[in-house]
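What follows is a short report on a single structure.
The values are calculated or read from the model by the stated rules, or taken from the named source; none is laboratory data. Not measured: the values here are computed from a predicted model. Note that we place each Cβ from the backbone using ideal geometry, even for glycine, and neighbour counts take in every protein chain shown. Just the protein is used for accessible areas: all its heavy atoms, side chains included, with ligands, DNA and RNA removed. Shrake-Rupley method; radii C 1.70, N 1.55, O 1.52, S 1.80 Å.
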Amino acid sequence: MRIAVFTKNRTNPAYAAARLGADRTAARLGATTSHYVPDKPDDVEEQIALIERAVAEKPDAAVFVPVDETAVNGAILRFDAANIPLFNIITPTTAGRRVTFVGSDDRALARDIARYLFKAMKGRGTIIVVEGTPASATSRERLLGFRDALADTPQISVRCSLPGEYQRDAARRAFLGVIHQWPGVDAVLCANDAMALGVLDALDEANEQNAPLIVGVNAIPEAVAAIAAGRMLATADFNAMAMSEIATEAAIRHLRGEAVPAEIILPVQIVDVDNCAQWNMPFEARPSPDWHRTVLGR
C-alpha cells in the first residue's frame, strides 16, 4: 500500500512532524508514503499541480491538508474521480468525499490557551494578537476562540493584531514593526508556536529587556524548550503529528476493509512549565497515539 501525504509547506515544524508521523505509521503497518509539499509555502497552484501528479501516480489512499479552504476544491474532486480514498487532517476540506477527518477543536483550543494567559495576567492588561494565514480555517477558528476569551475578560484590551502568516520570520518582521510603537504590552497571544518563536526572535533582536508573556499553539519542541527555560508561558498541544499518524492508520485500516470513524477530534491539552517534560523532546522521541485508546476510547 502506498499513501500520498499532502502538507502545506516545509517551513512550519508542525507539518514536518505530520510528515514524520505518516512515515513512521506507514512503516509500522507495512505501507509506504510519498510526500507532496509545495516549494512555496501554502501555494494554491503548486498544490493543485501536486494533486494532479499524485492522482496520475495512483496511490492507494491520500492523507491530505488543503493549503486553502476552497481554492483547491476543483483539484480535490480528482481524488474522487480516480477512486482514491481521502483522509483529511487539520483543515477540513469543503469539496469531494472524504473517509475520515482528523483534527482538533480549534476554537476551544484557542479559547483555553487565551484563558490560561488571561488568568496569568490576573484578568487585566494589554495584549498583542498574532494571527495565522487568513485563508486558513484553523486561523479563523482560533481568532474566534481568542474573542470568546476576550469577551469573558473585559479588562484585557488588544493593542493591535498582527499578520504572522503562521510563519516564524513573518511574525518576527511584523512584531519588530510595532515593538516600539506599543511599549509596555503585557502579553502576546499567538495562533501558533512558530509565530511565538518569531516574537521571541524579535524581542532578542530589539534587545528588549521587559519581555511580555507569550503563548502559542502546537507544542513543537522548540516552543516547549522555551517554556521549560521560562521564555514562553504556555502552548496548546495541537498535535499535527498525532493527527497524521491517526489518519495514516485510518487509511491503512480502511484499505484492509475495516470500518473507521468519519471524524476523530483530539482533546485540548495546555502545556506549561508544570507538565512540559512529557513534550520536551524531539518529535522522533514522542510516542505514537494508540488507535484503540485514542480513537475507540478503550
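Quick notes
- Looking across segment 210-234, the residues that are under 16 Å from residue 274 (Cα atoms), open to solvent by 30 Å² or more (accessible area, probe 1.4 Å) and in a loop (DSSP other than H, G, I, E, B) come down to 229, 230, 231, 233.
- Residue in segment 53-61 that is within 30 Å of residue 176 (Cβ to Cβ) and either among the charged types (D, E, K, R) or out of contact with any Phe, Trp or Tyr (no Cβ under 7 Å at 6 or more places or on another chain) (or both) present: no
- Condition met for residue 289 (within 28 Å of residue 107 (Cβ to Cβ) and of a type outside the set (Ser, Thr, Tyr)): yes
- Test: residue in segment 235-242 that is farther than 30 Å from residue 1 by Cβ and either at pLDDT 95 or above or open to solvent by 70 Å² or more (accessible area, probe 1.4 Å) (or both): yes
- Hits in segment 112-137 - residues which are closer than 16 Å to residue 215 by Cβ and modelled with pLDDT under 95: 132
- Of the residues making up segment 282-298, just one is in a loop (DSSP other than H, G, I, E, B), within 20 Å of residue 248 (Cα to Cα) and in contact (Cβ under 8 Å) with a residue 60 or more places away in the chain, namely 288.
- Long-range neighbours under 8 Å by Cβ, at least six apart or interchain, first residue touching a residue at least 40 places away in the same chain (Cβ under 8 Å) and over 17 Å from residue 193 (Cα atoms) within segment 262-281, second in a loop (DSSP other than H, G, I, E, B) and of a type in the set (D, E, K, R): 265/105
- Neighbours by Cβ (under 7 Å, 6+ apart or cross-chain): first from segment 238-254, farther than 19 Å from residue 34 by Cβ and without any contact (Cβ under 8 Å) to a residue 12 or more places away in the chain; second assigned to a helix (DSSP H, G or I) and open to solvent by less than 10 Å² (accessible area, probe 1.4 Å): none
- Meets criteria (under 24 Å from residue 121 (Cα atoms) and acidic (Asp, Glu)) for residue 290: no
- Flag for residue 246 being buried (at least 20 other Cβ atoms within 10 Å of the Cβ) and either in a helix (DSSP H, G or I) or not aliphatic (A, V, I, L, M) (or both): yes
- Among the residues making up segment 127-178, those that are touching a Gly at 6+ places or on another chain (Cβ under 7 Å), assigned to a strand (DSSP E or B) and within 25 Å of residue 91 (Cα to Cα) are 130, 131.
- Residue in segment 260-281 that is nearest to residue 249 (Cα to Cα), counting only those that are in contact with a strand residue (DSSP E or B) (Cβ under 8 Å, 6 or more places away or on another chain), part of a loop (DSSP other than H, G, I, E, B) and open to solvent by less than 70 Å² (accessible area, probe 1.4 Å): 260
- Within the set 23, 80, 68, the sole residue that is in a helix (DSSP H, G or I), surrounded by 14 or more Cβ atoms within 10 Å (Cβ to Cβ) and in contact with a helix residue (DSSP H, G or I) (Cβ under 9 Å, 6 or more places away or on another chain) turns out to be 23.
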